[in-house]
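Colleague: Here it is, the structure in full.
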Amino acid sequence: MLEGSLTQLAKNVKRGQHTVRIYLREMESAGICRSRFGHSPLGKGTVEITEEFWPYQRSAEESLADDPIEFIGAIRKLLQDRACVKSSASAADEILAREWSDRGMKLELIEQAIIIGCIRKYVSWRNNQTRTTIGSLKYFAPLLEEVQTMKADPEYWAYLRYRLARMENEWKRSHSDSTSKNADDPAAPGIELS
């Protein structure tokens with residue numbers, strides 16, 4: 001998949017933007033590729049060669065991006081794996097996930113935004129901020145924009161996954177302790193999640 005602006009693409013192939021749009025339309029009608037560009041020539045877009053014309057084997061993540069239903073399911077699974085996220089599977093979440101799929105957003109970037117968002121939520125709980133769970137995929141939208149601008153090594157993301165797992169286990173342990181105390185004494189204060 002080729003990502004970038006129409007202006008960049010036109011400059012790289014040494015043709016005008018209008019000409020490039022015409023060529024892309026011709027290739028799409030012939031079934032060679034799919035392209036997604038907005039009306040602004042500076043806006044980001046994608047060009048993807050179709051399976052019939054792609055000589056290499058695609059990775060699993062690329063095939064997920066082709067099917068919006070699988071893409072939405074993969075995002076739902078990422079959210080369900082986190083204890084600080086109340087999985088709602090609302091229509092708004094599905095619409096946002098579908099928009100990300102249409103924009104060709106990589107699942108890896110979405111996972112990274114979820115990791116950062118969950119870590120920040122656990123830190124706020126540790127600092128005695130509100131103890132509500134994350135209730136919507138929209139919570140991660142600004143973090144996704146932040147992640148897109150980051151230039152982090154894979155080791156950094158491995159470290160954050162490790163830290164998140166530790167924070168999550170600590171929260172689960174403290175949550176189960178407070179729940180069992182509340183069962184013994186209904187007047188005892190606990191962690192309210194709703």
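For every residue, the table says whether it meets (1) farther than 26 Å from G38 by Cα; (2) surrounded by 12 or more Cβ atoms within 10 Å (Cβ to Cβ); (3) touching a residue at least 40 places away in the same chain (Cβ under 8 Å).
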site	(1), (2), (3)
K86	yes, yes, yes
S90	yes, yes, yes
A97	no, yes, yes
A113	no, yes, no
E168	yes, yes, yes
W171	yes, yes, yes
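Colleague: Give me a count of the residues in region 99-111 that are in contact (Cβ under 8 Å) with a residue 24 or more places away in the chain, in a helix (DSSP H, G or I) and not hydrophobic (A, V, I, L, M, F, W, C). Before the answer, list the steps.
Modeller: In the first step, residues of region 99-111 are kept if they are in contact (Cβ under 8 Å) with a residue 24 or more places away in the chain; the result is 100-111.
Subsequent filtering for residues that are in a helix (DSSP H, G or I) retains 100-102, 107-111.
If we keep only those that are not hydrophobic (A, V, I, L, M, F, W, C) too, we end up with 101-102, 108, 111.
Of the residues in that region, 4 qualify.
Colleague: Further question on the same structure: Please verify whether I134 is β-branched (V, I, T), in contact with a Phe, Trp or Tyr (Cβ under 6 Å, 6 or more places away or on another chain) and under 20 Å from W171 (Cβ atoms), treating the condition exactly as stated. Lay out the reasoning, then the answer.
Modeller: Working: β-branched (V, I, T): yes; in contact with a Phe, Trp or Tyr (Cβ under 6 Å, 6 or more places away or on another chain): no; under 20 Å from W171 (Cβ atoms): yes.
No, not satisfied.
Colleague: Mind listing whichever residues of region 22-41 are in a loop (DSSP other than H, G, I, E, B) and in contact with a helix residue (DSSP H, G or I) (Cβ under 6 Å, 6 or more places away or on another chain)?
Modeller: Selection gives I32, F37, P41.
Colleague: Can you pull out every residue in region 136-150 that is part of a loop (DSSP other than H, G, I, E, B) and within 18 Å of I95 (Cβ to Cβ)?
Modeller: Listed by number, the list holds a single entry, S136.
Colleague: Quick check: is even one residue across region 124-135 assigned to a helix (DSSP H, G or I), on the phi < 0 side of the Ramachandran plot and at pLDDT 90 or above?
Modeller: No, region 124-135 has no match at all.
Colleague: Out of R103, R131, R76, report the one residue that is farther than 18 Å from Y156 by Cβ and in contact with a strand residue (DSSP E or B) (Cβ under 8 Å, 6 or more places away or on another chain).
Modeller: Within the list R103, R131, R76, the selection yields R103.
Colleague: Hey, any hits in region 36-51 for a residue that's modelled with pLDDT of 85 or more and either under 15 Å from L107 (Cα atoms) or hydroxyl-bearing (S, T, Y) (or both)?
Modeller: Within region 36-51 (the criterion being modelled with pLDDT of 85 or more and either under 15 Å from L107 (Cα atoms) or hydroxyl-bearing (S, T, Y) (or both)), the answer is no, since none of the residues qualifies.
Colleague: Does G117 satisfy the condition of being without any contact (Cβ under 8 Å) to a residue 60 or more places away in the chain, in contact with a helix residue (DSSP H, G or I) (Cβ under 7 Å, 6 or more places away or on another chain) and within 16 Å of L79 (Cα to Cα)?
Modeller: Here the answer is yes, as G117 does meet what is asked.
Colleague: Being surrounded by fewer than 14 Cβ atoms within 10 Å (Cβ to Cβ), of a type in the set (S, T, Y) and not assigned by TED's automatic domain parsing to the domain that holds A141 narrows it down to one residue among S40, S35; which is it? Outline the logic, then answer.
Modeller: Working: S35 fails: surrounded by fewer than 14 Cβ atoms within 10 Å (Cβ to Cβ).
Among S40, S35, only S40 is surrounded by fewer than 14 Cβ atoms within 10 Å (Cβ to Cβ), of a type in the set (S, T, Y) and not assigned by TED's automatic domain parsing to the domain that holds A141.
The values are calculated or read from the model by the stated rules, or taken from the named source; none is laboratory data. All of these numbers come straight from a predicted model, not from anything done at the bench. Here Cβ is always computed from backbone atoms with ideal geometry, including for glycine, and neighbour counts include all displayed protein chains.
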